[in-house]
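Participant: Structure below; questions to follow.
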């Protein structure tokens, strides 16, 4: 159970981070760290929302 949760968050994290990197115009360290942080928050929110809807 915990492994699948971590894997799902990781997939969302990678997907959202890739989207962030495509959309920003400059690749500065602060921009990258901000994007990774926002992507992690979005990943956790997406997993929590999916599990709330599915009744898990």
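Bear in mind that the values in this text are calculations on the coordinates, not laboratory data. These figures come from a predicted structure and were not determined experimentally. With ideal geometry, Cβ positions are generated from the backbone for all residues, glycine too; neighbour counts draw on all protein chains shown.
Participant: When the helix-only estimate is applied to the chain (DSSP H runs of n ≥ 4, each -39,500 (n - 2.57), divided by the residue count), what is the mean residue ellipticity at 222 nm, nearest 500 deg cm²/dmol?
Facilitator: -30000 deg cm²/dmol
Participant: Place the peptides 38-46, 22-30, 1-9 in order of packing, highest mean first, counting for every residue the other Cβ atoms within 10 Å and averaging per peptide.
Facilitator: Going by the mean number of other Cβ atoms within 10 Å, highest first, we get 38-46, 1-9, 22-30.
Participant: Hey, another quick one. Expressed as a rounded percentage, what relative contact order does the chain have, with Cα pairs under 8 Å and six or more residues apart?
Facilitator: RCO, the chain: 47 percent.
Participant: Nearest 10 degrees is fine. How inclined is helix 2-23 to the longest principal axis of the chain, computing both from alpha carbons?
Facilitator: That works out to roughly 30 degrees.
Participant: Between 0 and 90 degrees, rounded to the nearest ten: what's the tilt of helix 29-54 against the longest Cα principal axis of the chain?
Facilitator: Around 20 degrees separate the two axes.
Participant: Right, here's the next one. Pulled fully out, how much extra length does the chain show between residue 21 and residue 38, if you take 0.36 nm times their separation in residues and subtract their Cα-Cα distance?
Facilitator: Answer, rounded to one decimal: 4.9 nm.
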